[in-house]
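FYI, it's all coordinate maths here, none of it is from the lab. Small disclaimer: the values here were computed from a predicted structure and weren't measured. Neighbour counts run over all protein chains shown; Cβ positions are idealised from the backbone, glycine included.
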Amino acid sequence: MKTPSAHAYARALQIWGQWLRHWHLTRDPRALRTTLACKLIAAERLAIWQAELGLRRSVWAARAERAAREEFSIHKVLRQIRRDERVLRATQFDLALKEMVSEIIQSAGDEPDEVLVADEEQPRSVFA
């Protein structure tokens, strides 16, 4: 028995969301790679579903699409995925920023410390 394309798309979204949450909890690079692969699979399943709906564009096809979206709670799953992806992007930005700061600190640690001494003999004028 063939799985309807709407059901396959909903299942792909659920799996994508699960892997995204797994990566968020573990920060395992393999989980991130799996997450990206699941995202591609979900995009393929969506394209298949939309193509099938496009073949039989009618009032009934639109109703079937709406019914499938409601039955599988696709909007809820997509909302959670978007939230998790925002966290992913923010985390990647934070990790990149931490790496840049650590590289700067390491490169500064390699150089000898130079202490700047202010000239205390002549006070600086505010208007100069």
request  = Apply the Karplus parameterisation 6.51 cos²θ - 1.76 cosθ + 1.60, with θ equal to phi minus 60°, to every residue of segment 45-53 and state each ³J(HN,Hα) to the nearest whole Hz, in sequence, with x for glycine and proline.
outcome  = 5, 5, 4, 5, 4, 5, 5, 5, 5
query = How high is the relative contact order of segment 5-99, in percent, counting Cα pairs under 8 Å that sit 6 or more residues apart?
reply = 39 percent
inquiry  = Using the Karplus curve 6.51 cos²θ - 1.76 cosθ + 1.60 with θ = phi - 60°, what ³J(HN,Hα) values do you get for each residue of segment 65-73, in whole Hz, with x for Gly and Pro?
reply    = 5, 4, 5, 5, 4, 6, 4, 8, 6
query = How large is ³J(HN,Hα), in whole Hz, for each residue of segment 6-20 in order, when computed from phi with the Karplus curve 6.51 cos²θ - 1.76 cosθ + 1.60 and θ = phi - 60°, using x for Gly and Pro?
reply = 5, 5, 5, 5, 4, 5, 4, 5, 4, 5, 4, x, 5, 5, 5
task = Count neighbours as other Cβ atoms within 10 Å of each site's Cβ, and list the trypsin sites (Lys or Arg not before Pro) in segment 1-56 that are DSSP loop with at most 13 such neighbours.
result = Lys2, Arg27, Arg56
key: Anisotropy class of segment 5-99 from Cα gyration tensor, a/c 1.5 cut   = prolate
